[in-house]
Amino acid sequence: MAPKTDFPPVRACLFDMDGLLLDTEDLYTLCVNKVLAQYDRPPMPWSVKARLQGRPGPAANQIFSDWAKLPISTAEYSAQLSVFQKQFFGTAKPLPGVPQLLQDLDATKGAGAPSGNPGAPPHAVHMALATSSHRANFDLKTTHLQDLFSVFPEERRVKGDDTRLAAGRGKPLPDIFLLALQTVNDSLPAGEPPITPQECLVFEDSVPGVEAGRRAGMRVVWCPHPMLKKEVEGREAQILAGRTGEAGDVDLHQVGEIDDGWAEYLETLENFPYEHYGIVIPKA
């Protein structure tokens, strides 16, 4: 199948947070390994960590528990982990390219909706956050980064424990991105037409997150941690198509096709190729 190339301009960018906007993946590993060390367990390998990324807390906790086999309850593990997270999460920093990317996209907000005509003037690109992090952890990671996250209005921040998100419907299911799009459409300026999934660009680092974006009918940029990229080497095409089966037994017509053009891998978010997505950044 020839890849699709006639996409409409991107009108909304929906962002994951951990490992995509912030360098929290290594901080998560640090905290987990500190708990493991207390029970003479080996450090968590990326083969396990890759399965935890992007998933809701309960699902990730079960996967981790089955591997770690710690002699404590899940509640006790979570309590011990929380101590280290409170110690280290406040040191999270933006990943390379993120401040400039968010600043550039925010600069488009004064423009209107795209006219659909070649050579049309720049249009607004709206942004929303779609993270599996619950509010408490979100606050730990972002309180010292208020300026960075100011581009996301509060109503466009969808977190893992958001009451607008049905219980048990986190990534790799598409609900969180569909809800993020809804928050954008519910707050569009008067007269601007609703944004469709095809006009959305999802930014993800995790495999379940890519699948969630693809199942939502959206384009996806996959920018994984280098160690995750190494762990899944040889499976990149399946990941970009959302066909890794991370959501369990689903009809494959709900996801993409290999090399269908809907998703791309980027090593970094530095020097983001706006023109590839029909985005025009106003000149300073």
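The values are calculated or read from the model by the stated rules, or taken from the named source; none is laboratory data. As the structure is a computational prediction, the values presented were derived from the model and not from experiment. Using ideal geometry, Cβ is built from the backbone for each residue, glycine included, and neighbour counts are taken over all protein chains shown. Just so you know, the surface numbers come from the protein's heavy atoms only, side chains and all, with ligands and any DNA or RNA stripped out. Shrake-Rupley method; radii C 1.70, N 1.55, O 1.52, S 1.80 Å.
Scanning the range 41-50 for residues that are among the charged types (D, E, K, R) and surrounded by fewer than 17 Cβ atoms within 10 Å (Cβ to Cβ) yields one hit, 41. Residue 163 meets each of the listed conditions (1) open to solvent by 40 Å² or more (accessible area, probe 1.4 Å); (2) part of a helix (DSSP H, G or I); (3) free of Cβ contacts under 8 Å to residues at least 40 places away in the same chain apart from (2). Selection of the range 68-104 for residues being in contact with a Gly (Cβ under 9 Å, 6 or more places away or on another chain) and at pLDDT below 95 yields only 78. Within the range 134-155, residues that are under 14 Å from residue 87 (Cα atoms) have Cβ atoms under 7 Å from residues that are assigned to a helix (DSSP H, G or I) and open to solvent by 50 Å² or more (accessible area, probe 1.4 Å) in these pairs: 140/86, counting only partners at least 6 apart in sequence or on another chain.
Within the option set 53, 62, 38, being touching a residue at least 24 places away in the same chain (Cβ under 8 Å) and open to solvent by 20 Å² or more (accessible area, probe 1.4 Å) holds for one residue only, 38. Looking only at the range 89-113, residues that are crowded, with 18+ Cβ neighbours inside 10 Å and in a helix (DSSP H, G or I) come to 5 in all.
Taking the numbered list (1) in contact (Cβ under 8 Å) with a residue 40 or more places away in the chain; (2) surrounded by fewer than 18 Cβ atoms within 10 Å (Cβ to Cβ); (3) more than 18 Å from the chain's Cα centre (by Cα) in turn, residue 273 passes all entries but (1). Is it the case that some residue within the range 72-87 is open to solvent by less than 60 Å² (accessible area, probe 1.4 Å) and either under 21 Å from residue 231 (Cα atoms) or basic (Lys, Arg) (or both)? No, the range 72-87 has no match at all. In the set 179, 201, only one residue is open to solvent by 10 Å² or more (accessible area, probe 1.4 Å) and either assigned by the TED database to the domain that holds residue 123 or in a helix (DSSP H, G or I) (or both); that residue is 179. Each residue in the range 119-160 was checked for being open to solvent by less than 40 Å² (accessible area, probe 1.4 Å) and in a loop (DSSP other than H, G, I, E, B), and 10 of them qualify.
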